[in-house]
Each structure stands twice: as structure tokens, then as C-alpha cells.
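Taken together, the values in this text are just the output of simple stated rules run on the coordinates, not laboratory data. This structure is a prediction, so every number in the text was calculated from the model and none was measured. No Cβ is skipped: glycine too gets one built from the backbone with ideal geometry, and neighbour counts run over all protein chains shown.
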Amino acid sequence: MALSSMTGFARSHGVSGAYAWAWEIKSVNGKGLDLRLRLPPGWDAIEAGVRARAAEALARGSVQAGLTVERSGGAPVVRINTAVLDAVLASVRHLSRQIESSPPSLEGLLALKGVMEVSESEVSEDERRNAEAAVVKGFAEAIAALAEMRRHEGAALGQVLTTRLSEISTLAQRADRSPGRQPEAIRARLAEQIATLLEQSERFDPDRLHQEAILIATKADVREELDRLAAHVAQAQRLIAEGEAIGRRLDFLAQELNREANTLCAKANDLELTNIGLELKAAVEQFREQVQNVE
């Protein structure tokens with residue numbers, strides 16, 4: 001399967017009966033799948049279905065999905081709250097016995113809060129269920145479009161990652177061929193360092209000298225780091241070729257590549273190998289930054 005990124009955007013819209021709806025979805029990087037929904041009041045019933053569709057289509061990413069719904073058609077329903085009106089009239093009659101004033105007008109009574117209620121006409125249960133099903137289906141279409149966009153970006157991202165891995169492999173090969181790694185150069189540096197140790201004391205312990213020589217030779221050898229770099233690069237290339245949700249595994253390999261690059265720089269004992277190690281660290285960091293966007 002193709003590689004997928006975690007960034008994308010998609011919209012979908014439609015009409016079901018008296019309802020016109022629209023979804024807008026966007027996603028960015030995330031450690032796991034984090035879906036944040038913005039639903040209109042009264043539409044909470046669709047949340048479970050929407051979350052199930054998102055989990056089927058996506059593995060990782062911080063996803064924000066917003067739904068807007070408009071209802072058209074149907075005359076508004078006007079109701080008079082007789083209980084509130086009776087209470088108001090009773091209060092008016094009570095006050096009229098204490099205060100002289102003109103009787104309240106009909107317009108004034110109806111303008112009081114709670115006396116007159118205006119609401120939309122009722123919708124049948126079947127119409128509402130059909131609208132909810134259509135909205136969930138529309139979300140599935142939008143999330144599929146989002147996943148397709150993420151796969152398209154993932155294909156480009158895969159090429160970038162492959163290029164970075166090639167750079168890392170090339171730098172590791174340069175480090176392996178570096179003159180400073182050749183046995184003659186290592187022997188020369190070892191002889192020089194041993195001579196320095198002997199100058200510090202004429203009675204240097206031969207056993208101690210042997211131990212120091214072994215430590216110096218071990219530090220000068222970066223064969224193990226180069227082998228691990230090659231193994232990590234090969235593993236990352238295999239993962240990219242396989243695709244699917246490999247972001248976490250690539251991130252782990254990026255950390256291991258960085259560890260080996262740091263060790264190589266620490267062991268480098270000549271200018272060329274040090275410079276190669278610094279270039280290697282820069283290439284690994286670029287690889288790691290791009291990996292953060294892989295699903």
C-alpha cells in the first residue's frame with residue numbers, strides 16, 4: 001500500500017429532505033488518531049457512526065471535522081403558552097386594583113417573553129433518521145477524500161524520504177572509505193598516542209600500555225556504527241516500500257540513525273571523518289523532520 005501523510009483537507013455536502021448539510025474536515029500531525037467534532041445542537045446521535053467511519057479510514061492524525069445543517073421548507077409553528085399568559089393577566093388584574101393605568105395592549109402581552117413561542121414545524125421520525133444517515137454517509141465520503149489526499153501527499157513524501165536515505169547511505173560509504181579509517185592511518189595515530197604516553201613516564205607499566213592501546217584502537221574503529229547505519233537505512237527503505245501506517249516505526253529508526261551519527265562524530269579522530277559525521281547528522285535530522293508527517 002502507498003505511504004500516507006497526516007495532513008489533508010476535504011469537504012462534502014448534500015441535501016436530505018428539508019435538511020441541507022455540509023462537512024469540512026482537516027487533519028494535521030498527531031501521535032494517534034484524535035478526532036474533534038463540531039456538531040450542531042441536536043445532532044449528537046450521529047457521533048458514534050462518524051467516529052467509526054474515521055477509525056476505518058485513518059490510523060493517525062489530529063482531525064477536526066465540522067458539520068453545518070440548515071433546514072428549509074415547512075411553515076413555522078406559533079403557539080401561545082396559555083399558562084404564562086394566564087399568570088400575566090392575573091398579575092395585571094391584581095395591579096389594576098392598586099394602580100390606575102390603561103389596560104395592556106394585545107401586542108404588549110404577546111411581546112412578553114414566554115407568552116408566544118415560534119418553532120419550526122415538526123419533522124417525522126423517518127425524515128430525521130434519513131437525514132442523519134445521509135449526513136453520516138456524507139462524512140464517510142469526505143473522510144475518504146481526505147484519505148486520498150493524504151495518500152497523494154504521502155507518495156511525494158515517500159520520494160523525499162527515499163532521497164534522504166540515499167544521502168545517508170552515501171555519507172556512510174564516504175565515511176567507510178575515509179583515509180582516516182585505513183589501517184595505516186589508525187596505526188600511525190596509535191603509535192603517536194602511545195609515544196605521548198611513554199613520554200609522560202619512563203616507567204610506564206607494559207600492561208597498562210597494552211590496555212591503553214586497546215582502548216585507543218577501539219575508539220578509532222567506527223565499523224560497528226557504519227554497519228548499524230546501513231542496517232537502519234535498509235530497514236527504512238523496506239518500510240517505505242511496504243507503505244501503510246509506518247510513521248511510528250520510521251520515527252524509531254530516525255532516532256537510531258541519529259544515535260549512530262552522534263557516536264560516529266564522537267569517535268572521529270580526523271577532520272574529514274568529523275565533517276562527514278556532521279553532514280550525516282544534518283541528513284538524519286532532515287529525514288527525522290519529514291518522518292513526523294508520515295501516518
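Results, tabulated for the structure shown:
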quantity	calculated
At R0 = 22 Å, FRET efficiency that the Cβ-Cβ distance of HIS13 and GLU117 yields, to 0.05	0.10
Calculated from backbone phi, Karplus (6.51, -1.76, 1.60) coupling profile of the stretch 230-246 in Hz, x at Gly/Pro	4, 5, 5, 4, 4, 5, 5, 5, 5, 4, 5, 5, 6, x, 6, 8, 10
In nm, spacing of pseudo-spin labels at ALA231 and ALA2 (7 Å Cα→C-beta vector)	3.4
Contour excess over end-to-end distance, with Cα ends at ALA52 and ALA156 and 0.36 nm allotted per residue	34.6 nm
Cα-projected label distance for GLU224 with SER72, points at 7 Å along beta-carbon direction, nm	7.3
Nonlocal amide H pairs with LEU35, under 5 Å, H built at 1.01 Å	VAL63
Phi-based couplings in Hz for the stretch 24-29 (Karplus 6.51, -1.76, 1.60; Gly and Pro marked x)	9, 10, 9, 9, 9, 4
Cut-off under 5 Å, modelled amide H: who pairs with GLY8 long-range	SER27
Cross-link reach list, lysines versus LYS137, counting only Cα pairs under 30 Å and skipping chain neighbours closer than eight places	LYS26, LYS31
Listed peptides 140-147, 41-48, 223-230 by packing density, highest first (mean Cβ within 10 Å)	140-147, 223-230, 41-48
Set of lysines near LYS267 by C-alpha distance (under 27 Å), chain-local residues within fewer than 8 positions excluded	LYS219, LYS281
FRET efficiency estimate (nearest 0.05) - Cβ-Cβ, ARG79 to SER102, R0 25 angstrom	0.35
At R0 = 35 Å, FRET efficiency that the Cβ-Cβ distance of ARG249 and ASP34 yields, to 0.05	0.95
